[in-house]
Amino acid sequence: ASGSVFAFGSTPVNCNVTDSGQLTASGSFTVTVNDAPPAVGTPLDVTVTATSAQGAAVLYAPVTAADYKDGTLTAACAPAPGSTFPIGTTVVSCSATNSSQMATVTAFNVTVLDAPPAFTPPADISATATSGAGAVVNYTTPTATDFKDTTVTVSCSPASDSTFAIGTTTVDCSATNSAGLLTNHSFMVTVADAPPEFDAP
């Protein structure tokens, strides 16, 4: 009858009518129920931090779709989960296809952020004063490595070859990459007083 639930495929509907004179007539028609495309929600974007110059391996959650005929389907996505994504934003395209060969496509973004630059500060330095002002101390300013920029300049203050006063001075070093990520390290320069000098009579 009208209002019935019809299964997928074609179902014949037979109709009969009888009038008051007991005369009958009949006819039929077909109701065809087609499958609908699978329903895929919009996956959430994924953001991770790079673990190497190549980017990062990202294992995102499987993307699923609901289908009237087939139930739950797993979408095929490219790049696949576990792939190495480069620094920047990559669009992942996913497609779910049901047994009726009807497909639904969705997409989301995987963003790999650059990591802060890395460097090792010089070891602590000890020197002996050469004048009342202290001593000129030379050290090797390090170079920072960065996944995206390869190398980043390190700035230290006070700079190498500065005159350091008698006592202990903290030298602060920093490096900033093109993504604006900052790394700070410090080390100590200790200038010791020198023995007094005099000429004996």
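Residues to consider are THR145, THR141, THR168, THR150; find the one that is touching a strand residue (DSSP E or B) at 6+ places or on another chain (Cβ under 6 Å) and under 20 Å from THR51 (Cβ atoms).
THR145
Yes/no per residue for (1) within 9 Å of the chain's Cα centre (by Cα); (2) of a type in the set (A, V, I, L, M, F, W, C):
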{"site": "VAL48", "(1), (2)": "yes, yes"}
{"site": "LYS69", "(1), (2)": "no, no"}
{"site": "THR74", "(1), (2)": "no, no"}
{"site": "ALA80", "(1), (2)": "no, yes"}
{"site": "SER93", "(1), (2)": "no, no"}
{"site": "GLN101", "(1), (2)": "no, no"}
{"site": "THR104", "(1), (2)": "no, no"}
{"site": "PRO116", "(1), (2)": "no, no"}
Inset, instruction - With the condition kept exactly as written, say whether any residue in region 184-195 is in contact with a Lys or Arg (Cβ under 9 Å, 6 or more places away or on another chain) and either among the hydroxyl-bearing types (Ser, Thr, Tyr) or open to solvent by less than 50 Å² (accessible area, probe 1.4 Å) (or both). - result: no
Legend entry - Count - residues of region 150-178 that are surrounded by fewer than 17 Cβ atoms within 10 Å (Cβ to Cβ) and not in a strand (DSSP E or B): 6
Legend entry - Subset of region 155-172 (residues that are among the hydroxyl-bearing types (Ser, Thr, Tyr) and within 19 Å of THR120 (Cα to Cα)): SER155, SER157, SER160, THR169, THR170
Inset, instruction - Keeping to region 159-170, report how many residues are more than 19 Å from ALA194 (Cβ to Cβ) and in contact (Cβ under 8 Å) with a residue 24 or more places away in the chain. - result: 1
Legend entry - Subset of region 58-85 that is among the hydrophobic types (A, V, I, L, M, F, W, C), out of contact with any strand residue (DSSP E or B) (no Cβ under 8 Å at 6 or more places or on another chain) and in contact (Cβ under 8 Å) with a residue 12 or more places away in the chain - its residue that is most open to solvent (accessible area, probe 1.4 Å): LEU59
Inset, instruction - Could you tell me whether PHE198 is without any contact (Cβ under 8 Å) to a residue 60 or more places away in the chain and open to solvent by less than 40 Å² (accessible area, probe 1.4 Å)? - result: no
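Kindly indicate the residue of region 131-143 that is within 16 Å of PRO196 (Cα to Cα) and part of a loop (DSSP other than H, G, I, E, B) and also least open to solvent (accessible area, probe 1.4 Å) among those meeting that condition.
Ranking the qualifying residues of region 131-143, first place goes to ALA133.
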Inset, instruction - Tell me which residues, restricted to region 109-130, are in a strand (DSSP E or B) and open to solvent by 60 Å² or more (accessible area, probe 1.4 Å). - result: LEU113, SER126, THR128
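Can you name every residue in region 125-155 that is over 16 Å from ASP114 (Cα atoms) and either of a type in the set (Lys, Arg) or within 31 Å of the chain's Cα centre (by Cα) (or both)?
Those that are over 16 Å from ASP114 (Cα atoms) and either of a type in the set (Lys, Arg) or within 31 Å of the chain's Cα centre (by Cα) (or both): PRO142, THR143, THR153, VAL154, SER155.
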Inset, instruction - Scan region 40-57 residue by residue and report those that are open to solvent by 60 Å² or more (accessible area, probe 1.4 Å) and outside any loop (DSSP other than H, G, I, E, B). - result: THR47, THR49, ALA57
Legend entry - Any hit, region 7-24, residues being at pLDDT 95 or above, within 30 Å of THR150 (Cβ to Cβ), polar (S, T, N, Q) and open to solvent by 50 Å² or more (accessible area, probe 1.4 Å): no
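The values are calculated or read from the model by the stated rules, or taken from the named source; none is laboratory data. Just so it is clear, the structure is predicted and the values come from calculations on it, not from any experiment. Positions of Cβ are backbone-derived with ideal geometry, glycine not excepted, and every protein chain shown enters the neighbour counts. The accessibility values were calculated without ligands, DNA or RNA, using every heavy atom of the protein model including side chains. Shrake-Rupley method; radii C 1.70, N 1.55, O 1.52, S 1.80 Å.
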